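The values are calculated or read from the model by the stated rules, or taken from the named source; none is laboratory data. Source: prediction; values computed, not measured. Neighbour counts run over all protein chains shown; Cβ positions are idealised from the backbone, glycine included.
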């Protein structure tokens, strides 16, 4: 099988957002870490695929009109390398061969024009299996608020009761989709078992999970509304739990509309 990845380096001053087929797969804020290695296989689809790297900076959002600013070009560069791994399953191991498909470099001169966008297209084999969200019905995020909150409440109840197997059963499409994209990590049942064991270790037998407040949810549609990410207004996760050590545990959830129902796929 083939798998795809993107290595990116960013100048320290920029804000960046990396999209694959309309799904956000990476990014940074000004001053953040300047190098990332992004696994893309989760959102690669058969045939044509498109990567977009959106570049902006503090005070200039990604969707702003272009303007020129003074700055050190060395703090505003982008370097991206798209790679393809060919994976062969042997009797006792996986053999991986990596090749570079495309290399892009953006080195602006001063004054610097922002926002800027870099596009990279590539073709994946028709044998690549389809991500779950690709077959979803488009959703208007705000109209899905009530249904999303209801599913989150069911997930929360499973966690509060320490019913990790029930939680993983509700996440079965996510687990199957992960196993589809990364078969070397095991099948869907193994993924569910591993994730359930990790949650049990983090949260313990009597978890504390904050109630779901529909009014406090932020819903963001991607890929034309076929994937909806849900966050609490003040945090990254859709659910906020308390670990056995007292530290907060953010649980991120994303939904797709499949079979006329909103189901967790991330």
Taking the options 203, 239, name whichever one is in contact with a strand residue (DSSP E or B) (Cβ under 6 Å, 6 or more places away or on another chain), free of Cβ contacts under 8 Å to residues at least 60 places away in the same chain and not assigned by TED's automatic domain parsing to the domain that holds residue 50. 203
Would you mind telling me which numbered condition in (1) closer than 30 Å to residue 128 by Cβ; (2) free of Cβ contacts under 8 Å to residues at least 60 places away in the same chain; (3) in contact with a strand residue (DSSP E or B) (Cβ under 6 Å, 6 or more places away or on another chain) residue 194 fails? (3)
Which condition breaks for residue 181 when tested against (1) buried (at least 17 other Cβ atoms within 10 Å of the Cβ); (2) modelled with pLDDT of 95 or more; (3) within 23 Å of residue 19 (Cα to Cα)? (2)
Return yes or no: is residue 148 loosely packed, with under 15 Cβ neighbours inside 10 Å, farther than 19 Å from residue 248 by Cβ and in the same structural domain as residue 260 (by TED's automatic domain parsing)? no
Output the residues belonging to segment 251-266 that are over 14 Å from residue 222 (Cα atoms) and assigned to a loop (DSSP other than H, G, I, E, B). 252, 259, 260
Select, from 43, 32, the only residue that is in the same structural domain as residue 124 (by TED's automatic domain parsing) and within 14 Å of residue 131 (Cβ to Cβ). 43
Residue set 46, 115, 111; condition surrounded by 16 or more Cβ atoms within 10 Å (Cβ to Cβ), touching a strand residue (DSSP E or B) at 6+ places or on another chain (Cβ under 9 Å) and more than 15 Å from residue 9 (Cα to Cα); output residue 115
Out of curiosity, is residue 232 in contact with a helix residue (DSSP H, G or I) (Cβ under 7 Å, 6 or more places away or on another chain) and within 21 Å of residue 179 (Cβ to Cβ)? no
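Can you find a residue in segment 67-82 that is under 30 Å from residue 135 (Cβ atoms) and buried (at least 17 other Cβ atoms within 10 Å of the Cβ)?
Here is the first cut: in segment 67-82, the ones under 30 Å from residue 135 (Cβ atoms) are 80, 82.
Now restrict to residues that are buried (at least 17 other Cβ atoms within 10 Å of the Cβ): 80, 82.
For segment 67-82, residues under 30 Å from residue 135 (Cβ atoms) and buried (at least 17 other Cβ atoms within 10 Å of the Cβ): present.
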Which one is modelled with the highest pLDDT, of the residues in segment 186-220 that are outside any helix (DSSP H, G or I) and closer than 27 Å to residue 89 by Cα? 187
Going by the structure shown, is residue 18 out of contact with any helix residue (DSSP H, G or I) (no Cβ under 7 Å at 6 or more places or on another chain), surrounded by 15 or more Cβ atoms within 10 Å (Cβ to Cβ), free of Cβ contacts under 8 Å to residues at least 40 places away in the same chain and within 21 Å of residue 103 (Cβ to Cβ)? yes
